[in-house]
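Beneath this line is the structure, given in structure tokens, with notes to follow.
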Ligand code: ADP
């Protein structure tokens with residue numbers, strides 16, 4: 001394979017709580033380098049000179065990049081972007097806002113900040129852009145993002161006790177890509193990101209008008225280890241019985257597919273086990289998916305396309321078939337042969353049906369695209 005010696009590239013960094021994922025994409029979208037560094041010891045993300053193992057992890061990544069690609073911009077995935085509606089060039093002001101938002105996303109924003117600071121120190125000459133998971137959903141109208149809590153409580157907390165959503169980069173990519181694939185204009189789209197975390201989005205004219213994750217990623221669909229929607233009264237009850245300190249673990253780590261099946265958060269294990277508990281976990285997940293698509297179809301005033309992505313959405317033909325069967329009355333008819341593939345971009349409904357597509361997630365590609373747009377490169 002010959003490579004262009006003058007290629008320009010965008011480095012996409014995804015700093016998790018103890019890991020760093022990266023991809024270097026050239027301007028044709030080709031991945032020129034990628035990797036995952038695990039077991040990073042996080043330091044303090046607060047303060048201008050925060051240093052930690054992130055700095056050496058980023059040094060290692062930058063030193064390992066191929067010499068024939070020049071990094072002309074860096075994109076940073078940031079989970080919580082508060083009220084930001086789009087990706088932002090990283091200025092001291094934006095960094096300050098990400099730091100402030102650590103209070104709302106204590107597990108996710110601090111490592112992203114560490115990655116940002118370390119890579120900006122190493123590559124000060126190129127634009128660094130934050131791409132927020134929440135940004136795509138910042139267009140939601142108040143009727144979708146507000147909880148019915150008192151106005152006084154809402155104001156007292158600076159209007160921050162609201163729904164934000166997540167997986168925005170993935171939903172944005174699906175909405176854009178499905179329109180590229182489909183010959184006719186698609187006004188009303190529902191996108192399903194079904195991975196270990198899972199969320200649905202209702203998209204009207206390319207803009208998110210509702211999504212299933214809320215103030216935190218706990219709300220909404222049944223996920224690998226999260227319960228999704230649950231009565232707040234049950235949370236109070238659990239809190240009294242098991243103590244408030246245990247609620248996070250109970251609902252975020254010990255629920256969902258893993259908790260219900262008592263086996264695993266991986267759907268492949270549940271199919272293989274075939275126990276009544278595993279089957280029930282699958283049933284609850286699929287039933288809730290069907291309900292959400294029904295509700296969002298009403299919110300959108302109709303449906304023009306349904307899109308699946310994420311580890312489950314891309315690979316699990318059974319879940320897709322069950323969801324589409326439950327939506328038969330909407331005019332969705334599965335093309336069984338088309339559905340019976342894994343991880344491929346394609347339409348999975350018959351020619352006369354309302355269209356449903358599988359679109360493999362491409363968050364890094366979408367982040368790189370947004371970096372170029374924001375930085376004008
Ligand atoms: P994350 O949300 O961590 O990025 P992924 O989008 O990679 O996760 O999804 C991971 C999940 O996808 C697994 O836990 C499993 O449930 C599901 N999955 C992955 N591959 C398959 C497969 N071949 N068949 C069914 N489910 C799969």
* With the condition kept exactly as written, say whether any residue in region 86-95 is in a strand (DSSP E or B) and at pLDDT 95 or above. => yes
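Okay, residues lined up against (1) modelled with pLDDT of 95 or more; (2) in contact with a helix residue (DSSP H, G or I) (Cβ under 8 Å, 6 or more places away or on another chain):
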site: 236; (1), (2): yes, no
site: 248; (1), (2): no, no
site: 252; (1), (2): no, no
site: 264; (1), (2): yes, yes
site: 272; (1), (2): yes, no
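Okay, residues lined up against (1) in contact (Cβ under 8 Å) with a residue 40 or more places away in the chain; (2) touching a helix residue (DSSP H, G or I) at 6+ places or on another chain (Cβ under 9 Å); (3) on the phi > 0 side of the Ramachandran plot:
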residue	(1), (2), (3)
332	no, yes, no
335	no, no, no
338	no, no, no
349	no, yes, no
355	yes, yes, no
362	yes, yes, no
367	yes, yes, no
* Asked: If we scan region 258-279, do we find a residue that is over 16 Å from the mean Cα position of the chain (by Cα), in contact (Cβ under 8 Å) with a residue 60 or more places away in the chain, crowded, with 16+ Cβ neighbours inside 10 Å and farther than 23 Å from residue 172 by Cβ?
  -> yes
* Does residue 305 meet the test of being within 16 Å of the ligand (Cβ to nearest atom), at pLDDT 95 or above and touching a helix residue (DSSP H, G or I) at 6+ places or on another chain (Cβ under 7 Å)? -> no
* Members of region 185-218 that are farther than 21 Å from residue 250 by Cβ, part of a loop (DSSP other than H, G, I, E, B) and within 16 Å of the ligand (Cβ to nearest atom) -> 195
* Take the residues of region 228-258 that are away from the ligand (no atom under 16 Å from the Cβ) and assigned to a loop (DSSP other than H, G, I, E, B): which is farthest from residue 190 (Cα to Cα)? -> 243
* Asked: With 341, 323 as the choices, which residue is within 16 Å of the ligand (Cβ to nearest atom), surrounded by fewer than 19 Cβ atoms within 10 Å (Cβ to Cβ) and under 20 Å from residue 361 (Cβ atoms)?
  -> 341
* **Residue count, region 259-274 (criterion: over 15 Å from residue 194 (Cβ atoms), in a helix (DSSP H, G or I) and within 9 Å of the ligand (Cβ to nearest atom))** => 1
* Count - residues of region 324-376 that are in contact with a strand residue (DSSP E or B) (Cβ under 8 Å, 6 or more places away or on another chain), in a helix (DSSP H, G or I) and over 27 Å from residue 169 (Cβ atoms) -> 1
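The values are calculated or read from the model by the stated rules, or taken from the named source; none is laboratory data. The structure presented is a predicted model; accordingly, all values stated were derived computationally and were not measured. Cβ coordinates were reconstructed from backbone atoms using ideal geometry, including for glycine residues, and neighbour counts include every protein chain displayed.
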